[in-house]
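Working notes, beginning with the structure itself.
The values are calculated or read from the model by the stated rules, or taken from the named source; none is laboratory data. Treat the numbers as computed from the prediction; the structure is a model and nothing was measured. When we count neighbours, we look across all protein chains shown, and the Cβ atoms used for this are built from the backbone with ideal geometry, even at glycine.
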Amino acid sequence: MLKKVTFALLILCLVLGLSLPNVLRAQNKKVFYWISHGAPTDPVWTYFLKGAQQWAADTGNEVRTSFHSGDVPSHQEAVRAAIAAGAAGIVTSTPDPGSLTQVISEAHAKGIPVIVINTEDKTSGRDAYVGGDNVQIGARWAQYLVDKGFVKKGDFVWMPVEVPGATYQVLETKGVASVFDPLGITYEITEAKLDQAEIISRMSDYLTANKAKIKAIIGLGDLVTGSIKRVFDQVGLKAGAIPVVGWGNSPDTAQEVLDGYVNAAMWQDPQATSYMGLSMAAMAASGIPPGFDILVGTLYEKDKAATYLKIMQSK
């Protein structure tokens, strides 16, 4: 019977001018969901999205994507919609610690694997994690500033972020605290919002009012780190006037590193993160449980910035 079906498909392919492998692949196509807590206007998430789109093109599977801009109820409903649609697997970031624990449990009850990317939540029940260790990344930023002699006991560090209380900020701050607290270095987190114009306005206002006491800046998100040059220019600060470290997943930040506005930035391997996350979801959907996590992330300085700028400009 199988031979007859295959022969019939072969004849159909010849008539339609199609290849048998492509027809068979279309028959086996599965639907996966890729859900982001980020905003579609956030530069780094465009790279994450392209990784998901490339995976779909390479495998022939369908990937349904959505952005939720930090809206937790909307994000939860997107996961539930994926469950209701019978998704083969779900790849998602986490908007806040604990925010997806219940819906991940609901997915597992239906036999749907859930791979968390970008923002870890170890207690969520996820099948695996692909992304950076945000606690470790925060510690690396803080240790960089200490090791380079930019900050010492009694100094103050400013840490702007798009969404205070979000998973990434909580974990990054935990890492920063592990280095700064024992050394007596103080810091403050301020909200910058997700809108680029408002970010520049808020950061400029804060820097104008507090620049005399700020010894260093840690940008806890890509939008804030990528706004450093425009903020410095607006308040009259030259490149390098205040040491800056933070995320580096946008061409703006890579250029800032080259121009001396940012000392070191973290490349998050966004395309690879989505690609590997979906691969793990497909593996789990095929009955191979992922018994491991995949960690990514590279801290680059001026000597490597052009390499990452080229990667981002070519995508």
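Residues in the stretch 138-161 that are in contact with a strand residue (DSSP E or B) (Cβ under 8 Å, 6 or more places away or on another chain) and among the acidic types (Asp, Glu): 1 in all.
Is it fair to say residue 154 is assigned to a loop (DSSP other than H, G, I, E, B) and either buried (at least 17 other Cβ atoms within 10 Å of the Cβ) or outside the structural domain of residue 101 (by TED's automatic domain parsing) (or both)? So residue 154 fits the description; yes.
In the stretch 72-92, the residue that is farthest from residue 296 (Cα to Cα) out of those that are in contact (Cβ under 8 Å) with a residue 60 or more places away in the chain and surrounded by 24 or more Cβ atoms within 10 Å (Cβ to Cβ) is 89.
Can you find a residue in the stretch 256-263 that is surrounded by fewer than 24 Cβ atoms within 10 Å (Cβ to Cβ) and among the aliphatic types (A, V, I, L, M)? For the stretch 256-263, residues surrounded by fewer than 24 Cβ atoms within 10 Å (Cβ to Cβ) and among the aliphatic types (A, V, I, L, M): present.
If you go through the stretch 162-174 and keep only what is surrounded by 19 or more Cβ atoms within 10 Å (Cβ to Cβ), modelled with pLDDT under 90 and not in a helix (DSSP H, G or I), you end up with 163, 166.
For every residue, the table says whether it meets (1) hydrophobic (A, V, I, L, M, F, W, C); (2) over 28 Å from residue 295 (Cα atoms).
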site	(1), (2)
146	yes, no
156	yes, yes
182	no, no
207	yes, yes
210	no, yes
216	yes, no
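Filter the helices (runs of 4 or more DSSP H) completely within the stretch 175-261 down to those with at least 3 residues that are farther than 19 Å from residue 149 by Cα and touching a Gly at 6+ places or on another chain (Cβ under 7 Å). Before the answer, list the steps.
Numbers: elements: 196-210, 222-225, 228-235, 251-259.
Fully inside the stretch 175-261 and qualifying: 251-259.
One line per residue, one yes/no per condition, for (1) under 21 Å from residue 190 (Cβ atoms); (2) assigned by TED's automatic domain parsing to the domain that holds residue 186:
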site: 215; (1), (2): yes, yes
site: 225; (1), (2): yes, yes
site: 231; (1), (2): yes, yes
site: 246; (1), (2): yes, yes
site: 255; (1), (2): no, yes
site: 261; (1), (2): yes, yes
site: 284; (1), (2): no, no
site: 302; (1), (2): no, no
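Any idea which residue in the stretch 175-207 is modelled with the highest pLDDT, counting only those that are crowded, with 19+ Cβ neighbours inside 10 Å and of a type in the set (Gly, Ala, Ser)? Here the answer is 175.
Please go through the stretch 262-290 and give me each residue that is touching a Pro at 6+ places or on another chain (Cβ under 7 Å) and either in a helix (DSSP H, G or I) or among the aromatic types (Phe, Trp, Tyr) (or both), ordered by number. Outline the logic, then answer.
First pass over the stretch 262-290, keeping only residues touching a Pro at 6+ places or on another chain (Cβ under 7 Å): 263, 280-281, 283-285.
Passing the criteria: 280, 281, 283, 284, 285.
The set of residues in the stretch 208-239 being at pLDDT 95 or above, hydrophobic (A, V, I, L, M, F, W, C) and within 18 Å of residue 164 (Cα to Cα) consists of 217, 218, 220, 224.
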